[in-house]
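The values are calculated or read from the model by the stated rules, or taken from the named source; none is laboratory data. Source: prediction; values computed, not measured. Using ideal geometry, Cβ is built from the backbone for each residue, glycine included, and neighbour counts are taken over all protein chains shown.
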Amino acid sequence: MANKRISTLPNTDSIPDGSVFPVVMGDGTGTKQVSKETMKKEIGGSAPEDMLATTEKPGTVKPDGVTVEVDEDGTIRVPGAASGNSGIKLANPSNVTISNFDQSARITWTDPENVVYEGARLATWQGTVVVRKEGGTPQNWMDGELVARVTEKNRYQTEALLDENLENGKEYCYGIFPYSDQLVYNYDFTQSFVPEEITLSAPGITSASGKDGRVILDIVNNTEDALVKIVYKAGSAPTSGTDGMIVEGLTSGKVEITGLTNKTEYFFVAYAYSNMKTSSASAPVAATPRQYTLLGFRMKKAESDPATKIEYTEEAVGLTPAKVNLSTGEFDYGSFKNFWFVRDNVPVMLNNDGTEAYELNPNDYTKKADGSPSDVANSSFAGNAMSRIPKVYMKMWEANGYEYCNICDIKLDDSYHAYAHTRADGSEMDYLYLSMFEGSLVSNKVRSIKGLNPMVSKTGTEELTAAKANGSRWSTRSWSQRNLINMLLILMGKTTDTQKAFGYGYHTGGSSSAPNYLTSGGASNKGQFYGTNKTRDYVKVFHIENWWGNVWERIEGCVTNGSTRILVKSVPPYNTAGTGYVDTGVTPGGTSGGYISACKMIEHGLIPMTASGSETTQYPDGLWFAANCYALVGGSCVNGLLVGALALAVHYALSAATWHIGSALSCEQPLAA
């Protein structure tokens, strides 16, 4: 059978341009799929009678992955070739869209999967042919104009294949025909389409925010079927659709522009376009890429379970919450150990002038960071043991049944504030200092020194006087400082039940006759965070002991007026009457002394609003209220499970002085020279 002539192919001049078909090669290498052009160039298609195949014996061979059958008489056949298209067909293409683009069509589809039966592959996708026909439905891949033969699977699943030079108003029919490695075609899918003229409207860019080396835009496409392109450059707004770098093929939604230079201002303009036209430009927007971290959470008002009330937003999505082991006191940071507000939170001995004397060993305050003895228990030291709190910017608001809090290391825009780190003159501190221990009275000064009982039974005015006796930068802690730490705790714990996440503190067992106070510094060797489920034990957050429990803490910046309306002030100077404070719009309701069941989130913090909850629902801390009162926070050793980060009592006058009310210190960082 050697050199036996086995087939006669048509002259290539009669074969449509772009055709691809099986050809038995004359050099004995088997069957290959050859285009018309290759046939002419490499095989000599003008003389197809020269195409010969050599076989030694009948049977089946698989050159190039295509089955070729050889009959007894030497005839070579390719099953599934154009003569009959027999064999196993692939499924139809799916997710097909053919959309108008003005004298053109944009086509997307998903190619079918291979046909596999009981582990055996019966048909393998090899390509998809797109054919267009006027005045009828294409019956096969040669019936109409060949638009494309695609051999990269799912090449046009998201990015559209563009078919141009159509006539608006004329009906066309497209055939999208996948075929297998056996050259078995599926001719079942066809779809009609009529292109139309598109009238363009300018798109909009509704927001632009800079990130590390990139800018994220929100764009709105105002023209159906049109696409959007972004033109951008540094220094000034683009003046045309080609004046700058271009990103095309966009629709409405978020767009990330990468490869930008940090701290360089970029201007962005959007254009809508079709195959034939381009719209006028959108209004330009500017953004500066910067390296920053943005974490967030939101609290669903209608969700009563503290464990599921919090949802992470922004870059917090996917993070693992922090929690304490309530049996051992050991703290699990989850995903939060390396965020700046944890990493840069350091215990220090702070001089009276607000400068740092030295850092303390974070796991043993009786030692300096270098291991030498510290002054943490030395009441003669001209300063106090303080927790360094790095600057944090927050944006707080509520919308659509949620209370939102975003937490960032830079001021993203004017809605972000570092109120806790803001001085009376409006300047911002890099660090704020909060006392590590509850205030103790030493020589008529409020001190933060290890080994002392808390100062109690002083009026609010006496507490302020004793705190300010440390120096011009010193005072008691304030509302904005309290709210900052509370928001960080909710973020880290992903719950409004701060006792369960961080420890219960000393909340039960005290009395006026036997207060049994926890002395300051008793958790000096417990690290940055500590807590247990005992009824009388320290709780510690950010190196600060007894953020709740033991004794109430009286703070500046939160009062009630004569109508019991809560007023707050987030930056100094403060006064005790509430003059110049912000009206939160909250007049507390429910039962004074009950658990918080509702709050209001405003720019200045989370304001407890209603006391009708329980120890296991919503915000399981206590709320007390009356007219013309000065705020206490945290709770004491007689309040049971009502204590907690959010516990707020605005039912004592400034003049109240009792055994379970105290205060604690704060100090401003000095202005740079």
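Couple of notes before you dig in:
- Any chance ASN140 is under 42 Å from the mean Cα position of the chain (by Cα) and either modelled with pLDDT under 95 or not polar (S, T, N, Q) (or both): no
- Every residue from region 475-489 that is surrounded by fewer than 24 Cβ atoms within 10 Å (Cβ to Cβ) and either hydrophobic (A, V, I, L, M, F, W, C) or modelled with pLDDT under 95 (or both): ILE485, MET487, LEU489
- Some residue of region 158-178 being free of Cβ contacts under 8 Å to residues at least 12 places away in the same chain and in the same structural domain as PHE101 (by TED's automatic domain parsing): no
- In region 100-153, counting only strands (runs of 3 or more DSSP E) that sit wholly within it, the ones holding 1 or more residues that are farther than 11 Å from PHE177 by Cα and among the hydroxyl-bearing types (Ser, Thr, Tyr) span 105-110, 115-117.
- Single unsatisfied condition, LEU434 versus (1) part of a strand (DSSP E or B); (2) closer than 30 Å to ASP212 by Cα: (2)
- Filter result for GLY354 (surrounded by fewer than 17 Cβ atoms within 10 Å (Cβ to Cβ), touching a Lys or Arg at 6+ places or on another chain (Cβ under 8 Å) and of a type in the set (Gly, Ala, Ser)): no
- Applying the condition of being surrounded by 17 or more Cβ atoms within 10 Å (Cβ to Cβ) and of a type in the set (A, V, I, L, M) to region 104-144 and asking which residue is nearest to ALA226 (Cα to Cα) yields ALA105.
- Selection within region 272-301 - at pLDDT below 95, of a type in the set (Lys, Arg) and either farther than 30 Å from GLU167 by Cα or in contact with a Phe, Trp or Tyr (Cβ under 8 Å, 6 or more places away or on another chain) (or both): ARG290
- Matching option when the condition is surrounded by 22 or more Cβ atoms within 10 Å (Cβ to Cβ) and closer than 17 Å to ARG554 by Cβ, among SER440, SER524, SER457: SER440
- Odd one out for SER280 among (1) closer than 30 Å to SER597 by Cβ; (2) out of contact with any strand residue (DSSP E or B) (no Cβ under 6 Å at 6 or more places or on another chain): (1)
- Residues in region 205-226 that are part of a strand (DSSP E or B), surrounded by fewer than 20 Cβ atoms within 10 Å (Cβ to Cβ) and in contact with a Ser or Thr (Cβ under 9 Å, 6 or more places away or on another chain): 4 in all.
- Selection status of ILE216, touching a Leu at 6+ places or on another chain (Cβ under 7 Å) and β-branched (Val, Ile, Thr): no
- Remark: pairs (first residue in region 353-366, closer than 15 Å to ALA377 by Cα and outside the structural domain of ASN470 (by TED's automatic domain parsing); second residue among the aromatic types (Phe, Trp, Tyr) and at pLDDT below 95; Cβ separation under 7 Å; 6+ apart in sequence or on different chains) are absent.
- Filter pass, LYS450 being under 45 Å from the mean Cα position of the chain (by Cα) and of a type in the set (D, E, K, R): yes
- Residue check for ALA514: assigned by TED's automatic domain parsing to the domain that holds VAL346, free of Cβ contacts under 8 Å to residues at least 24 places away in the same chain and in contact with a strand residue (DSSP E or B) (Cβ under 7 Å, 6 or more places away or on another chain): no
- Tabulated pairs, region 120-137, first in contact (Cβ under 8 Å) with a residue 60 or more places away in the chain and farther than 27 Å from GLN103 by Cα, second among the β-branched types (Val, Ile, Thr) and assigned to a strand (DSSP E or B), C-beta under 6 angstrom, 6+ apart or interchain: ALA123/VAL115
- Qualifying positions in region 585-606 - β-branched (Val, Ile, Thr) and buried (at least 19 other Cβ atoms within 10 Å of the Cβ): VAL586, ILE596
- For region 300-329, a residue qualifies if it is farther than 21 Å from GLU403 by Cα and among the basic types (Lys, Arg), and exactly one does: LYS323.
- Of the strands (runs of 3 or more DSSP E) lying entirely inside region 375-421, those carrying at least 3 residues that are surrounded by fewer than 23 Cβ atoms within 10 Å (Cβ to Cβ) and not small (Gly, Ala, Ser) are 393-399, 402-408.
- Hey, GLY503 in contact with a strand residue (DSSP E or B) (Cβ under 7 Å, 6 or more places away or on another chain), surrounded by fewer than 23 Cβ atoms within 10 Å (Cβ to Cβ) and over 19 Å from LEU441 (Cα atoms) or not: no
- Of the residues making up region 620-633, one or more are aliphatic (A, V, I, L, M), surrounded by fewer than 24 Cβ atoms within 10 Å (Cβ to Cβ), touching a Gly at 6+ places or on another chain (Cβ under 8 Å) and farther than 12 Å from ALA647 by Cβ.
- Only one of the listed residues (LEU641, LEU646, LEU606, LEU671) is at pLDDT below 95 and on the phi < 0 side of the Ramachandran plot. That residue is LEU671.
- Cβ separations smaller than 6 Å between residues 6+ apart or across chains give the following pairs from region 575-603 residues that are farther than 19 Å from LEU654 by Cβ to residues that are aliphatic (A, V, I, L, M) and assigned to a loop (DSSP other than H, G, I, E, B): LYS600/VAL586.
- Taking the criterion of being at pLDDT 95 or above and either under 12 Å from VAL231 (Cβ atoms) or buried (at least 19 other Cβ atoms within 10 Å of the Cβ) (or both), the residues of region 249-271 that qualify are VAL255, ILE257, LEU260, TYR266, PHE267, PHE268, VAL269, ALA270, TYR271.
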